[in-house]
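Taking it in order: structure first as structure tokens, then the write-up.
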Amino acid sequence: MTSEAPAGTSVGPGTLAAFAALVVVAGGNAVAIRYLSCDSCELDPFWAAGTRFGLAAVLFVGAALVLRVGLPHGRALVGAALFGLLQFAGGFGLIYWGLVSTPAGLGQVLLASVPLLTFFLALGHRQERFRWGGLGGALVAVAGAAIVFSSGFGTGVPLVSMVAILVGAALWAEALVVIKAFPAVHPAALNALAMGIGAVALLLVSAISSEEWTVPSSGRAWLAQTYLVLLGSVGVFWLYVVVVRRWTASAASYQMVLIPLVTVALSAWLQDEAISWTFAVGGFAVLVGVYVGALRPAGGLAARPAAASRRGRSSP
């Protein structure tokens with residue numbers, strides 16, 4: 001994407017407005033997915049995900065053409081392909097499937113672990129250095145996740161569905177780490193290729209799973225899918241670009257702590273999902289663990305200078 005803004009960069013009202021819009025729009029994604037692909041709803045999960053990213057890929061191809069950005073080649077092409085398989089095919093595939101039986105708010109709290117998972121996977125890839133705050137945050141987040149899981153059991157949410165979402169979050173984190181090991185690609189070209197590859201893989205899984213390939217029959221379902229394509233995919237990406245260009249990437253990453261709050265509120269309002277005290281306590285512990293372990297400023301968390309100077313950031 002772009003490098004972090006200088007330490008002295010001022011943050012104006014426009015940047016804060018873009019950040020707020022990013023949090024609100026991304027917070028609605030899990031609610032829209034849940035509406036489309038829950039047990040009693042209209043689209044099967046892999047079909048819903050595949051069509052979403054197929055349409056979004058077409059839009060990014062158009063953006064790449066307008067911006068006159070060529071497709072990657074060589075190692076950059078390999079990196080973009082791996083990013084698509086991990087982020088969109090594997091990550092989103094499992095998350096869509098998990099959200100069939102998992103309330104949107106609970107699912108989004110589990111996804112809030114992405115920054116922490118990214119930190120530990122980056123350690124494994126030797127892209128970042130260990131720090132004790134990361135370990136402490138992980139322990140708090142794991143305890144919170146256990147409480148969140150217990151709240152899910154209380155409402156009859158299958159364990160396999162919650163685990164699927166957590167594994168999907170781990171694949172998202174791995175995708176972010178892996179892409180840093182390859183040459184940088186313009187965001188429009190990266191997302192056009194990665195989403196296209198992810199869409200093909202998801203549609204293949206949909207066909208193998210004998211899902212029904214249908215179009216939404218209600219206006220609300222069309223609205224949900226349109227939201228996910230235009231705002232939830234293309235819109236979230238461009239807003240993130242705006243925020244990171246004008247702010248620091250570490251500040252922008254606070255979206256992962258704020259998004260679950262929006263999702264929980266929207267799911268309670270639009271889908272009448274109950275918020276139990278157990279869920280609230282566990283969710284708060286997860287968010288605290290993510291902040292302490294991955295988002296709190298600390299010198300030990302910084303990527304190795306040599307790696308940081310060669311690689312840019314990218315966002316789905």
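Hey, any hits in segment 130-147 for a residue that's in contact with a Ser or Thr (Cβ under 7 Å, 6 or more places away or on another chain), farther than 21 Å from L86 by Cβ, of a type in the set (A, V, I, L, M, F, W, C) and modelled with pLDDT of 80 or more?
No: zero hits.
Does any residue in segment 195-220 that is over 27 Å from G79 (Cβ atoms) come within less than 8 Å, Cβ to Cβ, of a residue that is among the hydroxyl-bearing types (S, T, Y) six or more places away or on a different chain, and which pairs are these?
So the pair list comes out as W213/S206; R220/Y35.
If I go through segment 59-74 residue by residue, how many of them are in contact (Cβ under 8 Å) with a residue 40 or more places away in the chain and within 24 Å of the chain's Cα centre (by Cα)?
Final tally of qualifying residues: 7.
Output the residues belonging to segment 41-92 that are hydrophobic (A, V, I, L, M, F, W, C), closer than 16 Å to I179 by Cβ and outside any helix (DSSP H, G or I).
L71
Is there a residue in segment 238-258 that is modelled with pLDDT under 80, surrounded by 15 or more Cβ atoms within 10 Å (Cβ to Cβ), over 22 Å from R131 (Cα atoms) and among the hydroxyl-bearing types (S, T, Y)?
Scanning segment 238-258, I find at least one residue that is modelled with pLDDT under 80, surrounded by 15 or more Cβ atoms within 10 Å (Cβ to Cβ), over 22 Å from R131 (Cα atoms) and among the hydroxyl-bearing types (S, T, Y), so the answer is yes.
The values are calculated or read from the model by the stated rules, or taken from the named source; none is laboratory data. Note that this is a predicted model, so its numbers are computed, not measured. Glycine also receives a Cβ, built like all others from the backbone with ideal geometry; neighbour counts cover every protein chain displayed.
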